[in-house]
Amino acid sequence: MCQLIVEFLCSNGFHWIHTPRIITATIPGDNEYFHLPYFGQDAWLAQSSQRHKQMALSMDMQRVFEIGPVFRAEVQSSKSSRHMTEFTVLDIAMAFQDDYHE
């Protein structure tokens, strides 16, 4: 399935990017991050590749995607046993030239 997705996106002008999973800054207001000591500094496991996708778009990469793990340190709700702290996402971003119908 992943191979088909990668082939489809690449054939439609998307660039496959690989972003860091250990980050040194978090986004305020996001969910809970997994904190870890990292060579004497604070670091966290990434919840998304949003910041790096935006950087790629600002460098004129018009279409980018990533398939990879993300981590959420949310406390499991007592109402659900289906909460996952690590899962794989397909994350897509593209710049608009004229409008969102492109």
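When segment 40-93 is examined, which residues are found to be small (G, A, S) and touching a Lys or Arg at 6+ places or on another chain (Cβ under 6 Å)? I'd like the intermediate steps shown before the answer.
Taking segment 40-93 first, the residues small (G, A, S) are 40, 43, 46, 48-49, 56, 58, 68, 73, 77-78, 80-81, 93.
Those that are small (G, A, S) and touching a Lys or Arg at 6+ places or on another chain (Cβ under 6 Å): A46, A93.
Could you list, in sequence order, the residues of segment 15-36 that are of a type in the set (V, I, T) and assigned to a loop (DSSP other than H, G, I, E, B)?
In the first step, residues of segment 15-36 are kept if they are of a type in the set (V, I, T); the result is 17, 19, 22-24, 26-27.
Residues satisfying the conditions are I17, T19, T24, T26, I27.
Summed over segment 39-58, the residues that are touching a strand residue (DSSP E or B) at 6+ places or on another chain (Cβ under 8 Å), of a type in the set (A, V, I, L, M, F, W, C) and in a loop (DSSP other than H, G, I, E, B) give a count of 1. If you go through segment 6-14 one residue at a time, do you hit one that is of a type in the set (D, E), exposed (fewer than 13 other Cβ atoms within 10 Å of the Cβ) and either part of a strand (DSSP E or B) or modelled with pLDDT of 95 or more (or both)? Yes, there is a match, as at least one residue in segment 6-14 is of a type in the set (D, E), exposed (fewer than 13 other Cβ atoms within 10 Å of the Cβ) and either part of a strand (DSSP E or B) or modelled with pLDDT of 95 or more (or both). Scanning segment 52-85 for residues that are over 21 Å from L4 (Cβ atoms), within 12 Å of the chain's Cα centre (by Cα) and exposed (fewer than 15 other Cβ atoms within 10 Å of the Cβ) yields one hit, Q54. Considering only residues that are within 13 Å of D91 (Cβ to Cβ) and exposed (fewer than 13 other Cβ atoms within 10 Å of the Cβ), look in segment 15-37 and name the one that is farthest from the chain's Cα centre (by Cα). Ranking the candidates gives W16 first. Scanning for something closer than 30 Å to N12 by Cα and either touching a Ser or Thr at 6+ places or on another chain (Cβ under 6 Å) or surrounded by 12 or more Cβ atoms within 10 Å (Cβ to Cβ) (or both), does segment 38-46 turn up at least one residue? So far as segment 38-46 goes, yes, one or more of its residues are closer than 30 Å to N12 by Cα and either touching a Ser or Thr at 6+ places or on another chain (Cβ under 6 Å) or surrounded by 12 or more Cβ atoms within 10 Å (Cβ to Cβ) (or both).
The values are calculated or read from the model by the stated rules, or taken from the named source; none is laboratory data. None of the values given here were measured: they were computed from a predicted structure. We place every Cβ from the backbone using ideal geometry, glycine too, and count neighbours over all the protein chains shown.
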